[in-house]
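*Asks:* Let me begin by handing over the structure; questions about it come next.
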Amino acid sequence: MAKKNQNPHLDPEKFRDALATVREDGKRNWVYPKKVSGFFYKYRSYLSWLLLAILFAGPFIQVDGRPYMLFNIFERKFIIFGAAFWPQDTHLLIFLLLIFFVFIILFTVVFGRVWCGWACPQTLFMEMVFRKIEYAIEGDANQQRTLNQGPWNSEKIWKKGLKISIFALISLLIGHLVMAYLIGIDQVKEIVTQPPSAHLAGFIGLIAFSGIFMFVFSWFREQACLVVCPYGRLQGVLLDDNSINVMYDYVRGEPRSPIRKNEVEATPKGDCIDCGLCVQVCPTGIDIRNGTQMECVNCTACIDACDEVMVKVERPKGLIRYASENSIKQGFQKLITGRVKGYVIVLVILMAAFVALIATRSDLEGTVTRFPGMTYQAREGGMVSNLYNITLINKTFEPQSVTIESLAEGMKVEIVGDMNWVLEPQSKFEGRFFLVREQAGVKVPQEKVLLRLAAEGEEFEEIETNFMAPVGAQNN
Ligand code: SF4
Ligand code: SF4
């Protein structure tokens, strides 16, 4: 009789009832994935170096002295690929997010969780940085298990101390990196080079982010993918039988059976020799032979492990491979389904709308409002005026000299205070002005007035407002 597995998650009859990383008594089942090597691991490593290099270089890339990427959620200021987005551009950012989400959905429907295994920063740092350091210091899975279960002797203190120190250093580095994306590299440099009291909020942010990363990569680990990441939890609704995933070819593999010497072939057997290596290398502790599971981050470790086994037992590679349920069950792969076409149409519409919005977006914006609580002011010499507030936003990276004029006949603009409206790059300006006309020229109590705003002599906006004054020649 087949021996039942101690971990309920690996039991084909019970695996859907429990998390692989939680024991029956509710405690954490620490995963010790075995070291893996092979075709996919090699190319994942290459790609991870490239992606990490881009990630770390990101905050240092500046164009004309400004960041190329900035996600300043505190001041609601974003620079994406050099283009600045202000709070007034929230609708553009929402569009951008929608495009991103639809793209991710489309990509997932077709290619499953390729993102998780190959490009997600959590996997990159966990599997390609922290895990490798752990292997280098504490050895492979069995050595780690022995070390953890053993007494606190000098070897354990030394190894754990070294590992924690390196993990803390890297977490600090990642914390600084995240802050650089949020507030800019120059600000981070200031926080680092000046006393904490000079930038207390920034300093706390740096320490908090570093602490979170230390917690995630040294202890929380795969739990981030299993219980926190919303993308992982969406797989159930995104994937279908045509989606490509890391799959076990059960048609070829079953019935699984270990190879026994001198065994007489009584019943036909599948290619899976039930060695369990695919389970031992899995960083989320699951058995891919139970089918596609939410916990699978498509890291390809089981593909490499199984391919190695197949080579040794002289059977074709690819018992575990990138495939869809239909390609295994029915032998054919259909990538472009009706669902995929639908998502493509939505994506194209969103992208077209976004391009149109970007093309019509102004780099300079003005808003004029009547001064609250005031109607009109009667002036000497038979003149009458209305007071207005103006807000100007310069989204460009150059200073802009802004002028305003009224297009209504006989109406003059009289600026309050500084007559020179020079807007600094990437700045907001608030000012006031009067519209003034002769009382005798007032034809209606509320007149529509067009104002022309120009920067460096070139019109960038026409704004309509109201001018209020009593009709006729009487003074107030
Ligand atoms: S089942 Fe395979 S691909 Fe999925 S997480 Fe485990 S090792 Fe990675
Ligand atoms: S590594 Fe391959 S042969 Fe070994 S148990 Fe997994 S699927 Fe079967």
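*Asks:* Which is open to solvent by 20 Å² or more (accessible area, probe 1.4 Å), in contact with a Ser or Thr (Cβ under 8 Å, 6 or more places away or on another chain) and not in a strand (DSSP E or B), of PRO425, PRO372, PRO470?
*Replies:* Testing whether each residue is open to solvent by 20 Å² or more (accessible area, probe 1.4 Å), in contact with a Ser or Thr (Cβ under 8 Å, 6 or more places away or on another chain) and not in a strand (DSSP E or B) leaves just PRO425.
*Asks:* Still on this structure: For a quick check of your reading of the model, give me the residue pairs whose first member lies in segment 225-253 and is within 22 Å of GLY338 (Cβ to Cβ) and touching a residue at least 40 places away in the same chain (Cβ under 8 Å), whose second is more than 16 Å from ligand 1 (Cβ to nearest atom) and in a strand (DSSP E or B), with beta-carbon atoms closer than 6 Å and at least 6 apart or on different chains.
*Replies:* Within 6 Å, no pair qualifies.
*Asks:* Hey, another quick one. Tally the residues that are within 30 Å of GLN143 (Cβ to Cβ) and open to solvent by 40 Å² or more (accessible area, probe 1.4 Å), restricting the search to segment 169-185.
*Replies:* Looking only at that region, the number is 3.
*Asks:* Residue check, ARG256 against (1) free of Cβ contacts under 8 Å to residues at least 60 places away in the same chain; (2) under 24 Å from ALA20 (Cβ atoms); (3) loosely packed, with under 14 Cβ neighbours inside 10 Å, all met but one. Which one?
*Replies:* The single condition ARG256 does not satisfy is (3).
*Asks:* When you look at GLY276, is it among the small types (Gly, Ala, Ser), farther than 13 Å from ARG113 by Cα and within 11 Å of ligand 2 (Cβ to nearest atom), yes or no?
*Replies:* On the way: among the small types (Gly, Ala, Ser): yes; farther than 13 Å from ARG113 by Cα: yes; within 11 Å of ligand 2 (Cβ to nearest atom): yes.
Yes.
*Asks:* Of everything in segment 287-304 that's part of a loop (DSSP other than H, G, I, E, B) and either among the polar types (S, T, N, Q) or more than 9 Å from ligand 1 (Cβ to nearest atom) (or both), which residue is nearest to VAL251 (Cα to Cα)?
*Replies:* Top of the filtered list is GLY291.
*Asks:* Do the conditions hold for ASN298, that is, is it more than 9 Å from ligand 2 (Cβ to nearest atom), open to solvent by 20 Å² or more (accessible area, probe 1.4 Å) and either closer than 17 Å to CYS116 by Cβ or over 26 Å from the mean Cα position of the chain (by Cα) (or both)? Can you show your working first?
*Replies:* Details: more than 9 Å from ligand 2 (Cβ to nearest atom): yes; open to solvent by 20 Å² or more (accessible area, probe 1.4 Å): no; either closer than 17 Å to CYS116 by Cβ or over 26 Å from the mean Cα position of the chain (by Cα) (or both): yes.
It is false that ASN298 is more than 9 Å from ligand 2 (Cβ to nearest atom), open to solvent by 20 Å² or more (accessible area, probe 1.4 Å) and either closer than 17 Å to CYS116 by Cβ or over 26 Å from the mean Cα position of the chain (by Cα) (or both).
*Asks:* Any idea how many residues of segment 305-315 are part of a loop (DSSP other than H, G, I, E, B) and either among the polar types (S, T, N, Q) or within 12 Å of ligand 2 (Cβ to nearest atom) (or both)?
*Replies:* 2
*Asks:* Looking for whichever is more than 36 Å from the chain's Cα centre (by Cα) and open to solvent by 10 Å² or more (accessible area, probe 1.4 Å) here; the options are VAL309, VAL279. Which one fits?
*Replies:* VAL309 is the lone residue from the list that is more than 36 Å from the chain's Cα centre (by Cα) and open to solvent by 10 Å² or more (accessible area, probe 1.4 Å).
*Asks:* Output the residues belonging to segment 112-132 that are surrounded by 16 or more Cβ atoms within 10 Å (Cβ to Cβ) and among the hydrophobic types (A, V, I, L, M, F, W, C). Before the answer, list the steps.
*Replies:* Keep residues of segment 112-132 that are surrounded by 16 or more Cβ atoms within 10 Å (Cβ to Cβ), which gives 112-118, 120, 122-131.
Correct list: VAL114, TRP115, CYS116, TRP118, CYS120, LEU124, PHE125, MET126, MET128, VAL129, PHE130.
*Asks:* From the list VAL246, VAL188, pick out the single residue that is surrounded by 13 or more Cβ atoms within 10 Å (Cβ to Cβ), in a helix (DSSP H, G or I) and under 27 Å from the mean Cα position of the chain (by Cα).
*Replies:* Result of the check over VAL246, VAL188: VAL188.
The values are calculated or read from the model by the stated rules, or taken from the named source; none is laboratory data. Quantities reported herein were computed from a predicted structural model and do not represent experimental measurements. A quick note on method: Cβ atoms are made from the backbone with ideal geometry, for glycine too, and the neighbour counts reach across all protein chains shown. Side chains included, ligands, DNA and RNA excluded: accessible areas come from the protein's heavy atoms. Shrake-Rupley method; radii C 1.70, N 1.55, O 1.52, S 1.80 Å.
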